[in-house]
Amino acid sequence: MKKVLLITCLILFFDQAVKIFIKTHFEMGESLEIFSWFFLSFVENPGMAYGLHLGPGYTGKIILSCLRLFLSACFFLWIYQHCKKGASNYFIVPMSMIFAGAIGNLIDSTFYGLIFDRGIIFDAQHHRWLGYLGVARFGSPGYSFFMGGAVVDMLYFPIIDDYWPKWIPYFGGERFEFFKPVFNLADAFISMGGILMIIFGDKVFKPVDSLKHL
């Protein structure tokens, strides 16, 4: 279990360090080109990945935050049970990455509304999320409430940015961009953990003793 906690803490440290740096140094929508295929682009996401929501406005936001908290707790107990049975590194590494990623985004949505003076807020009258001007700072009171914060995203990889050939039905002439979503380190580690589970397959859930006989 010590390995799980170590990996989780390391990932959380880098995830939160990058998010806090971006939020306190970039304006909303600001983008910095690192390479032609890699940008640091600051956006805030009040929902899940790819802009999905569990409900309108703050209602969906609170439901999502509570769901994240519940699933994270269940996931931690599940990892703990497997570690007691002698889980191997094939299990510990990817599961720790997924767990840390989930906690990283949970921290944003739970506490960022309390500790930062600016962030996106929901306009109930027009039923939309509103951005803000300037650079956020640590301050009290915050821009929102407990579980009312937004997740900070900044990694943008437009590896392909072109147009579909005009002869293609329906999509012809339309812009094609890959990879379009902006995400963060927590999202990246969740994805990498899932990929590792697929790569190592059955080894993930086998205890150390069983792997010695393979």
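Coordinate-derived values only; no laboratory data. Owing to the predicted nature of the structure, the values given are computational and were not obtained by experimental measurement. Using ideal geometry, Cβ is built from the backbone for each residue, glycine included, and neighbour counts are taken over all protein chains shown.
By the beta-carbon count within 10 Å of each Cβ, the least crowded to most crowded order of 97, 1, fewest first, is 1, 97. The label point for residue 115 and the one for residue 195, both projected 7 Å from the Cα toward the Cβ, are 2.9 nm apart.
Please give me, ordered by residue number, the trypsin sites (Lys or Arg not before Pro) of segment 97-206 that lie in loop per DSSP and have at most 12 other Cβ atoms within 10 Å. Counting only loop positions with at most 12 other Cβ atoms within 10 Å, the trypsin sites (Lys or Arg not before Pro) in segment 97-206 are 137, 166. Which entries in the list 3/203; 180/203; 84/203 go over 26 Å, if you measure between the two C-alpha atoms of each? Pairs exceeding the cut-off: 180/203.
Taking the centroid of alpha carbons for each part, segment 3-43 and segment 87-137 are 12 Å apart. Between residue 160 and residue 128, the modelled labels are 3.1 nm apart [label points 7 Å from Cα along Cα→Cβ].
Taking each DSSP H run with n ≥ 4 as -39500 (n - 2.57) and averaging over every residue of the chain yields -16000 deg cm²/dmol at 222 nm.
The ranking of 117, 123, 108 by Cβ neighbour count inside 10 Å, starting from the fewest, reads 123, 117, 108. For the options 125, 16, 81, a Gaussian network treatment of the chain with springs between C-alpha atoms closer than 10 Å singles out 125 as fluctuating the most. Cβ-to-Cβ counts within 10 Å put 65, 72, 41, 140 in ascending order as 140, 72, 41, 65, the fewest first. For segment 166-208, the list of chymotrypsin sites (Phe, Trp or Tyr not before Pro) that fall in a loop by DSSP and count at most 16 other C-beta atoms within 10 angstrom reads 167, 170, 171, 179. Applying 0.36 nm per residue to the separation of residue 10 and residue 70 and subtracting their alpha-carbon distance, the gain on full extension is 19.4 nm.
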